[in-house]
Amino acid sequence: MKSKNPIHIIQIFNNSYEYGKNEKSYSERKDNYAWKKKITSQSGYVENGVLKLNDTYAKLLNLNTISVLLLIDYNNDFEEKRADENPYIKTADNQATFFNWNCFQFKKEDTLQLHLNWDYGTIGLPERENFKICELKIHQPIEININGKRDFSLTGRRARTYVEKNVIIEYLGQISDFEWITNQKINVEKIIPEQRKRINLLKDLF
């Protein structure tokens, strides 16, 4: 099948997590949160120029009105997937010039741009200025690391928690051809790209 317009496909590998004071030492927690060499995908995948998606999304996605689609896969089972309707797929419609995912904002101009989208609930302190992180180029994956701390939620104070966002983002290009496949066939293994540019936004947290 074909969509009316080509869709920008962006692969995201998410290795974000929260931890308490007892795990503050990176040396003590790094093995638990290390990147795997490959992971089993539940989002979808691109094969021979065809976007293949779980047919359970067929009623939720109108690929003729979408301009950008994120395929989101998780490095570990304990990562926070929040309360999203679908933690594995995120889309932007044809009219949108930008859209937000996690602590990032994707902008569609002459190029696809990635910006920081700081807020306390997602990252915590210290507060950061929002800025353009980079332009997304085809098959040039980037890894972004950013952290923060939170001492309270919308309902009041709580024990301090630390947040670390580790994501790999790879722009796969524009695709018009797609195929709906059954859930039993969607579980493909994706290799975490070893050759990637790292953007380190980590700060010392006290």
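What follows draws every value from the coordinates through simple rules; no lab data is involved. Small disclaimer: the values here were computed from a predicted structure and weren't measured. Note that we place each Cβ from the backbone using ideal geometry, even for glycine, and neighbour counts take in every protein chain shown.
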Starting at 0 and stepping by 5 Å, how many percent of the alpha carbon pairs of region 1-133 end up in each bin?
2, 8, 16, 19, 19, 16, 10, 5, 3, 1, 0
Enter the Cα centre distance for the pair region 162-206 and region 99-150, rounded to the nearest angstrom.
14 Å
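Determine the percent antiparallel among the DSSP beta bridges restricted to region 2-201, to the nearest 5. Walk me through the numbers before you get to the answer.
Numbers: 48 of 66 bridges.
Once the DSSP bridges in region 2-201 are tallied, antiparallel ones form about 75 percent.
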Each residue of region 16-23 in turn: what ³J(HN,Hα) in whole Hz from Karplus with 6.51, -1.76, 1.60 and θ = phi - 60°, glycine and Pro shown as x?
8, 7, 10, 8, x, 4, 5, 10
Residue span residue 86 to residue 24: 0.36 nm per residue of separation minus Cα-Cα distance leaves a gain in nm of 19.3 nm
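In percent, what relative contact order does region 2-201 have, based on Cα pairs under 8 Å that are 6 or more apart in sequence?
On the way: 412 pairs, mean separation 66.9, N = 200.
Once divided by the residue count of region 2-201, the mean separation gives 33 percent.
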Ranked highest first by average number of other Cβ atoms within 10 Å, how do 144-150, 8-14, 200-206, 36-42 line up?
8-14, 144-150, 36-42, 200-206
Taking θ as phi - 60°, what are the ³J(HN,Hα) couplings along region 194-206 by the Karplus curve (6.51, -1.76, 1.60), each to the nearest whole Hz, with x for Gly and Pro?
7, 8, 8, 7, 9, 10, 9, 10, 5, 10, 5, 10, 10
